2 protein chains.
Amino acid sequence: MGRPRKFDETEVVSLARELFASRGYHGTSLDELVNSTGLLRGSIYKAFGSKRNLFEAALSSLGDDFDQSPESLDLLTVALKELASEDAKVAKICQEIISRADSKNVSEILGRNLLAKMKGQN
Amino acid sequence: MGRPRKFDETEVVSLARELFASRGYHGTSLDELVNSTGLLRGSIYKAFGSKRNLFEAALSSLGDDFDQSPESLDLLTVALKELASEDAKVAKICQEIISRADSKNVSEILGRNLLAKMKGQN
DNA sequence: GCACTTATTGAACGACCGGTCAATAACTTT
DNA sequence: AAAGTTATTGACCGGTCGTTCAATAAGTGC
């Protein structure tokens, strides 16, 4: 009942995931989220409550299919470096994602993904 | 000639390095820099020109003794994830630091340092 | 002491930040 | 068609962001 939503939540989370992965948590502004998802601020806050919650939703959505793509690795890196040490909930989500990943050398893969960022521009 | 500086530039860069390493580039504010270095905003800008330049000075100072300490690894991670892909100068500094490092498995070490951040709080 | 040069100080700037909310719209139920 | 419920809209909020700069201080050389 009530007015129906105009947007698909999964799709919005997916767009937020792209942004957070590439620009980082502190590097992503609400305006950018608004522009890329098409939702206005009010709708984002009604649906997710806060920027932090939206990030957590995006991070959690990795668990469903952690594919070791650059985007996934970037988001995990952002979660670990920018938030995990001060946010136990984020830290726990990271643990779950990694425990479900069927690779023994996640650290090697994360590190390689980081080092790749300095190639191709000098 | 002129008024002499009250501060030791190397020491200020070192304090900035600590902050950037632990809080990230976008996560570190001028106010925090002011509080931890003891310099006022005007002095920081006179000495370094911009927040970005101060970060570059901090990053470059790693080259002198890249010791693979958590702080050094954190700063390198910040440089790579938050800046390197959009800032060729930062990317180049990262390359120099890593080429000077006498370790073949930097990626493994960077990754391990990241994963360590999710331990010890659930 | 006066001119010159360079550094410190901190108030002020406009831009942007994450977040709020009253008004309105779109649905269901009766 | 009226009442009830939930979603959208976007202007607005106080606070913080990185940056600037005129006033002042602290040196040196004449």
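The values are calculated or read from the model by the stated rules, or taken from the named source; none is laboratory data. None of these values were measured; they are calculated from a predicted model. So basically every Cβ, Gly included, is an ideal-geometry build from the backbone, and we count neighbours across all protein chains shown. Each accessible area value is taken on the protein alone, full model and side chains, heavy atoms only, with ligands, DNA and RNA left out. Shrake-Rupley method; radii C 1.70, N 1.55, O 1.52, S 1.80 Å.
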Would you compute, from DSSP H runs of 4+ residues alone, the mean residue ellipticity of chain B at 222 nm, taking -39500 (n - 2.57) per run and dividing by the full residue count, rounded to the nearest 500?
-19000 deg cm²/dmol
Sticking with the crude label model, points 7 Å out along Cα→Cβ, report the distance from A:Gln68 to A:Lys92 in nm, one decimal please.
2.8
What accessible area, in Å² to the nearest ten, does a 1.4 Å probe give for A:Asp65?
80
Provide an ascending nm list, one decimal, of label-point separations from A:Asn53 to the equivalent residue in each further copy; define each label point as 7 Å from Cα along Cα→Cβ.
4.3
Other copies of A:Asp102: label-to-label distances in nm, shortest first, labels 7 Å along the beta-carbon direction
4.2
For each pair in A:Lys6/A:Lys104; B:Lys51/B:Lys92; A:Lys51/B:Lys92; A:Lys89/B:Lys89; A:Lys46/A:Lys89, compute the distance between the two Cα atoms and list the pairs where it is over 30 Å.
A:Lys6/A:Lys104; A:Lys51/B:Lys92; A:Lys89/B:Lys89
Return one whole number: the accessible area per residue of region A:12-122 in Å², for a 1.4 Å probe.
46
If each label sits 7 angstrom from Cα along the C-beta direction, how far apart, in nm, is A:Gly120 from its counterparts in the other copies?
3.5
Before we go on, tell me the buried accessible area for the A/B pair, both chains summed, 1.4 Å probe, in Å² to the nearest 100.
2800
Region B:28-67 versus region A:58-122: alpha-carbon centroid distance in Å
28
In region A:9-116, what percent of the accessible surface is made up of carbon and sulfur (1.4 Å probe, ligands and nucleic acids excluded)?
47
I'd like to know how the protein assembly as shown sits against the 2.2 N^0.38 Å rule of thumb: what's its Cα Rg over that expected value?
1.10
In region B:102-122, which residues become less accessible by 10 Å² or more once every protein chain is in place, relative to the chain on its own, using a 1.4 Å probe?
B:Ser107, B:Glu108, B:Leu110, B:Gly111, B:Leu114, B:Leu115, B:Lys117, B:Met118, B:Gln121, B:Asn122
